[in-house]
Every structure is written in structure tokens, then in C-alpha cells.
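One structure is given here, and the rest of the page talks about it.
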Amino acid sequence: MAEYTIDNFVNGWLLKEAVCKNRSVWVKVNGRSMFPFFDNGTLVQVILCSLEDVHRGDIVIFEDVTDIVCHRVLKRIKLKGELFLKTKGDTSFYFDSPVKQEKVIGKILIFKRMGFNININNPGARSIGLFLSYLLPFVARSVYYLKKICILSESA
């Protein structure tokens, strides 16, 4: 099993080449924007796809200006006759810039958790993911402020 780590633009280019060549690769993702679905170091299977193969709730890996990003698709949009994806991290309030087809590396089909392969390429997983992507930013912000209040009250 080939394993890659997404950590910079060069690896993103290599990852795109590997996905195109093999149609599917396993990579470790970095960051916490997709928590609790993915944590730092989660192993995911990325498959080759076109925008027509991507549904609301899918998680795609794409090239941003300076980085490789793994975020959830909230909708597909047409701008001037061209299809784009509207994405965001599950813990973020903010949407990413619209993502063009040529920036998409692939979509995530499976991730590994506690020795199990968890398939997220189904309507149930997409629905749960969409629900969490709208709920989690509020939970994360509430936890942040609660911690801040506790720290302030301890120092007083």
C-alpha cells in the first residue's frame, strides 16, 4: 500500500500524479479542520474523480493557492457556465474559494479508524457529515469561549 503525507504543494503535485496514475492512493492527512471525521494523521483513501462524481457531503482533496486542502463539499455551483465546488472544513465558519475541476486531486472514499476501514461514500455518511459541518463550528467556538472564561476566573 502506497502511503503519502499531505504537507506541502510539492507533495500535492506528486499526490495528484499518483492518483491519476493509480486511480486510488492512501494518504495521511494533517490538520484538524475535519475533526471529528479526521484527526491529524488519519489514513484516508483518495480516488480519482470528476466534479460530476462529487456529491454534497463528500470530502475532497484539492490544491489551494499555497497548500493542499481536505474539506467537505457543501454544494456544486455553476459560474459562467463552469462547474465549481463550494467547500469548507467541518470546524470552520468560513467557506473556501470556489474550487475548479483542475484543482481537485480526488475525493475520499474510506478512512481508517481503530483498525477498521470506514466507507464514507454513501448517503448516510454524507448526511451526517453535512449536519456536523454546520453544527461543529458553533460547538468549537463555544468550547473556546468556555475555556477562556475558566482561565480568566482561575487567574482572578
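The values are calculated or read from the model by the stated rules, or taken from the named source; none is laboratory data. From a predicted model like this one, the values you see are computed outputs, not experimental measurements. Counting neighbours? That spans all protein chains shown, and the Cβs are built from the backbone with ideal geometry, glycine included. Note: areas computed on protein heavy atoms with side chains; ligands, DNA, RNA excluded. Shrake-Rupley method; radii C 1.70, N 1.55, O 1.52, S 1.80 Å.
Residues checked against (1) buried (at least 17 other Cβ atoms within 10 Å of the Cβ); (2) in contact with a Cys (Cβ under 8 Å, 6 or more places away or on another chain); (3) touching a residue at least 40 places away in the same chain (Cβ under 8 Å):
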site: Val73; (1), (2), (3): yes, no, no
site: Lys78; (1), (2), (3): no, no, no
site: Leu83; (1), (2), (3): no, no, no
site: Tyr94; (1), (2), (3): no, no, no
site: Gln101; (1), (2), (3): no, no, yes
site: Arg113; (1), (2), (3): no, no, yes
site: Ser127; (1), (2), (3): no, no, yes
site: Tyr145; (1), (2), (3): no, no, no
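Listed residues Gly57, Gly89; which is open to solvent by less than 70 Å² (accessible area, probe 1.4 Å), in contact with a Cys (Cβ under 9 Å, 6 or more places away or on another chain) and not charged (D, E, K, R)?
Gly89
Among the residues of the range 139-146, are any in a loop (DSSP other than H, G, I, E, B) and either closer than 19 Å to Glu52 by Cα or hydroxyl-bearing (Ser, Thr, Tyr) (or both)? Let's see the steps before the verdict.
Of all residues in the range 139-146, those in a loop (DSSP other than H, G, I, E, B) come to none.
No, the range 139-146 has no match at all.
Within the range 121-133, is even one residue modelled with pLDDT of 90 or more and assigned to a strand (DSSP E or B)?
no
When Glu63 is evaluated against the numbered criteria (1) in contact (Cβ under 8 Å) with a residue 60 or more places away in the chain; (2) touching a helix residue (DSSP H, G or I) at 6+ places or on another chain (Cβ under 7 Å), which criterion, by number, is the only one it fails?
(1)
Name the one entry in Lys107, Lys78 that is over 26 Å from Lys28 (Cβ atoms) and not in a helix (DSSP H, G or I). Before you say what the answer is, go through the steps one by one.
Working: Lys107 fails: over 26 Å from Lys28 (Cβ atoms).
None of the other options fit; the residue is Lys78.
Return the pairs, sorted by first residue and then second, in which the second residue is open to solvent by 50 Å² or more (accessible area, probe 1.4 Å) and part of a strand (DSSP E or B), the first residue lies in the range 44-58 and is touching a residue at least 24 places away in the same chain (Cβ under 8 Å) and among the polar types (S, T, N, Q), the beta carbons are less than 9 Å apart, and the residues are 6+ apart or on different chains.
Hits for this filter: Gln45/Lys112; Gln45/Asn117.
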